[in-house]
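So the structure is just underneath, and the comments pick up after that.
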Amino acid sequence: MHWDWKGVLQPIRLFVNSGMTVQHVFALLKEEEAEIGFVLEDEEIIGYVTPLSLLNQMMEERGGPACKIKPEKDFLFVREEAAAKHIHNCYLVIGADVVNRPTGYMIMDHLNRYLSEVQLKNFNDALNNAEMGIVTMDASFHVIFMNEKAEQILGMKRSVIQGRDYRKLIRMDTSFDEVLEGQKWFGVENTFNFKAISGQFSPIYESGKIIGIIHNFYLKDQLEEAVHEIDFVREMNEDLQTIYSLSNEQILVANSNGIITKVAGAYFSSFWGDIDQSELIGESAADLEKRGIFTPDIISACIEKNSRVMLTQKGKNGTVLSTATPVMEDGKIKRVIVLSKDISSEEKSFIKSEGAAEFHSEPVIYRSSEMAALMEEVKSVAPLDSTVLISGESGVGKEVIARRIHQLSNRSSGSFVAINCGAIPEHLIESELFGHEKGAFTGAESKRVGLFEQGHEGTVFLDEVSELPYSMQVKLLRVLQEREVIRVGSTVPIKINVRVLAASNKNLRQMVQKKEFREDLYYRLHVVPIQIPALRNRKEDVSPLAVNFLEELNEQNGREKKISTNALNLLESYQWPGNIRELRNVIERLIVVSKGEEISEKDVYRVLWETDSNEQGFLTIKGIIPLKKAVEETEKQLIELAVEKYGTATDAAKALEVSISTVSRRMKRFNGDQVPGGAAHDFLF
C-alpha cells in the first residue's frame, strides 16, 4: 500500500523571519510547542531551524543568543499528491498544494516509523474485518490468537478458547504434527460446535523456524466468495515480521501466565547470553529469572500490578531499559508486550578511595564505536610504563581513564595518586608535590612526604597539568628525567619509581607556541597521546550513562525514579558542553524537579532549555541618553517582547494597541524582520 505526502504531512505550526535572533526564535518554538520553525524571507521559505540547531548556533565562537538565526538548508519541496518515500541527504520535506502553498512537513527520520505504525494498524483492522476466521496456535497447539470473524463462525468468545489445546476442539482425522514439520493442508473440512467449516492449516515461521500453526477458515457455504482473503492471511506472518524488523528495540510478547509467546525486532544477544532467540518461545519469565538469565522479571511485575511498568533489567552480559504494557480484554490481562532498549555498559574501571586499601569497581559505560576504539587503545598502552598524555574537554572523564590505565598496568598493586595541578595554591605546590623538611619555611613544623613519594611503585596522575606555574615545570621535568625528587629545604635527592599520567583540557601544543608551557616538558609528557571524544560526538553513550547515573542517585537518595524512552531521546539530542559531568548534574536535578514517578520528556525540556527570566513590568532608567535613541530602544524592546510572548505580529499589535503595519515597519527598521506568514513559491520537485 502506498501513501501520498498529503496523508503523512504534519501541520506547520510556526513561521519565523530570517532577521530574528536566536533567543527570540527559541522562545517562539517553546511557546508554540513546535519542533521546527520555518524561516521566511520575502514571504518565501528559505530554510528551517530546530531547538538543536539554535543551541549549536549559540555555542559557536561568534554566536550567542543575540545573533541572527542561520537557517538549515537540507530540505525539499514536494507535491502533496505525490507518493511518500524516503529521500536521502534531506532532513525534511515541505508539501505544496496545486497553487504552491505550503501545506505541511515531514521529517525523514519520522517517515518510516509513521508508515510502519499506519501499516501495522491497517493489518490489525484487516484481520478483525476479514470475512474468514483466523486462529493461531503455538508449537504446543494452544490457541494464542483468534479474530472477531472466528468468534462469529464458531459461536464462542476468544476468552473461552484462548489458551486451550486446539486439537481437542477441532475434530481431525490426522495429526497436526505434519504441519509442524512444514506441510500445508488446503481444503480441510471439519466441524466445530456442529458447524461445517472449510479452510487451511499452515505453519508459522519466525527466523526460519516453525513456531506455531495458523488456521484460516470459512463457513463452508461462504468459501467461494472468501478465496481472495486466504492469500492475504497466508502471508500475514511474513509481513508482520517485516514491520517488526524496522524497530531497533527488542519486542517480547507474553501471555497472561507470563509465558513468552513471541520475540521480534532486535535481539540483544549480549543480554540473553547463550540462549538462542527461538529457545525463548514457551519459556516462563519467572523461571528465566530464577535461572539467573535476567533480573528483575518485568513481565510478572506488570501482571501483578495490572499496569504499565518501566525498569532496568540486567542480563548475562548486558543491560536493557524495558517497558512492559498490559493488553486488556474484558478487564483482564490478555497478554503483556515488553519493549526493551539496549543500555549495556561495556567496560569496568577501578577507583581507589582516599585512605582505602582495596579497589572497588566503577563502570566505564559506553556503547559507541568511538569509545570502544579508545578502550582498546587503553588496554594496549596500560601494560607499558610509558608516560601518557590524556586530552579532552572538561568533564569527559579523563581521571576515570587514567585510573583504568593504572588498574590494567603492572603497577595496579601500588598507589594511584591523583593531583589536580590547578587546585593547589602556587606557593604550596612545590611542597605538595615534592615534600619538605622540618623548618624549610614558616609553618613547616615537621617534615612532609610529597605526593610523588607517596606514588612510589605506583602511578601519579597530573590532572590539568597545563595549570602548573611555569617555574614549576622545570622541576617536574627533572622528576621525569632523573626519576628523583628533592624536598623543599633539602639538597639530598630521593629516588622514586613512578609512572606518570597527565591530562589537560587545553591545547598544550598551542601553549608551547605562546611560551606558556615548556616545550621540553611537553615532549616528555606527549609520549603516548590519548584523546577522549566529547559526549556530543558519541551520542550513543548518553542513554546508558543517564540510566546508570539515575540508578546511582536513586540509591543514594532513597528514590525509585524511572525515565521514559522519549526523555532519553531528548537527552541524546542535547549538545552537552559540560560532557559527562554535566549529564550527571542534569540527572540529579531531574530527580529533584520531576513530580511523577517517571522523568518525562517535558521534565528534560524544562531543565535543559527553559530560562528563569521573568518579564519586567516597568521600564527602568539607568542613565542619560538622547531622547530619540531612548524612544527607539524602548520601541524595539517592547515589540520584541510582545512578538516573543504572543507569537504573531497580529497578536503583538493588539497587545501594544497599535496597527499590524506599525509593528511590521518597526520590525523591518530595527532588525530587518518580516511578519511571519505568507505563501512560498518556486518549489523544487
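The values are calculated or read from the model by the stated rules, or taken from the named source; none is laboratory data. What you see is a predicted model, and the numbers here were worked out from it, not measured in a lab. With ideal geometry, Cβ positions are generated from the backbone for all residues, glycine too; neighbour counts draw on all protein chains shown.
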(message) Criterion first (at pLDDT 90 or above, farther than 28 Å from Arg606 by Cα and hydrophobic (A, V, I, L, M, F, W, C)) does Ile36 satisfy it?
(response) no
(request) Those residues that are loosely packed, with under 14 Cβ neighbours inside 10 Å and either modelled with pLDDT of 75 or more or of a type in the set (A, V, I, L, M, F, W, C) (or both), I need them from region 631-653; list them, please. (result) Val631, Thr634
(message) Restricting to region 517-574, give me the number of residues that are among the hydroxyl-bearing types (Ser, Thr, Tyr) and in contact with a strand residue (DSSP E or B) (Cβ under 6 Å, 6 or more places away or on another chain).
(response) 1
(message) Among the numbered criteria (1) touching a Lys or Arg at 6+ places or on another chain (Cβ under 9 Å); (2) crowded, with 22+ Cβ neighbours inside 10 Å, which one does Leu535 miss?
(response) (1)
(request) Provide a single number: the residues in region 290-299 that are more than 26 Å from Ile210 (Cα to Cα) and part of a helix (DSSP H, G or I). (result) 2
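For (1) among the charged types (D, E, K, R); (2) at pLDDT 85 or above; (3) in a helix (DSSP H, G or I); (4) buried (at least 17 other Cβ atoms within 10 Å of the Cβ), each residue gets a yes or a no:
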site	(1), (2), (3), (4)
Thr103	no, yes, no, no
Phe123	no, no, yes, no
Asn128	no, no, yes, no
Ile134	no, yes, no, yes
Met137	no, yes, no, yes
Arg171	yes, no, no, no
Glu178	yes, no, yes, no
(request) Within region 300-345, track down each residue that is at pLDDT below 80, more than 15 Å from Ser269 (Cα to Cα) and in a loop (DSSP other than H, G, I, E, B). (result) Arg308
(request) Please find, among Lys70, Lys6, the residue that is surrounded by 14 or more Cβ atoms within 10 Å (Cβ to Cβ) and closer than 22 Å to Ser573 by Cα. (result) Lys70
(request) Can you tell me which residue within region 537-553, out of those that are more than 18 Å from Val607 (Cα to Cα) and in contact (Cβ under 8 Å) with a residue 24 or more places away in the chain, is farthest from the chain's Cα centre (by Cα)? (result) Glu551
(request) All but one of (1) more than 45 Å from the chain's Cα centre (by Cα); (2) within 26 Å of Met511 (Cα to Cα); (3) surrounded by fewer than 20 Cβ atoms within 10 Å (Cβ to Cβ) hold for Ile486, so report the exception by its number. (result) (2)
(message) Filter region 541-570 down to the residues that are among the charged types (D, E, K, R), surrounded by fewer than 17 Cβ atoms within 10 Å (Cβ to Cβ) and part of a helix (DSSP H, G or I) and list them by number.
(response) Glu551, Glu552, Glu555
(request) Counting only residues that are at pLDDT 80 or above and under 17 Å from Ile337 (Cβ atoms), give me the helices (runs of 4 or more DSSP H) lying completely in region 214-279 with at least 1 of them. (result) none
(request) Mind listing just one residue for me: the one in region 28-40 that is surrounded by 20 or more Cβ atoms within 10 Å (Cβ to Cβ) and in contact (Cβ under 8 Å) with a residue 40 or more places away in the chain and, of those, farthest from the chain's Cα centre (by Cα)? (result) Leu40
(request) Give the residue that is farthest from the chain's Cα centre (by Cα), with candidates limited to residues of region 180-203 that are of a type in the set (A, V, I, L, M, F, W, C) and modelled with pLDDT of 85 or more. (result) Phe201
(request) Take region 292-311 and flag every residue that is over 27 Å from Met137 (Cα atoms) and surrounded by fewer than 18 Cβ atoms within 10 Å (Cβ to Cβ). (result) Gly292, Thr295, Pro296, Lys305, Leu311
(request) Please enumerate the residues belonging to region 187-203 that are in a strand (DSSP E or B) and in contact with a helix residue (DSSP H, G or I) (Cβ under 9 Å, 6 or more places away or on another chain). (result) Glu189, Phe192, Lys195, Ala196, Ile197, Ser198, Gly199, Gln200, Phe201, Ser202, Pro203
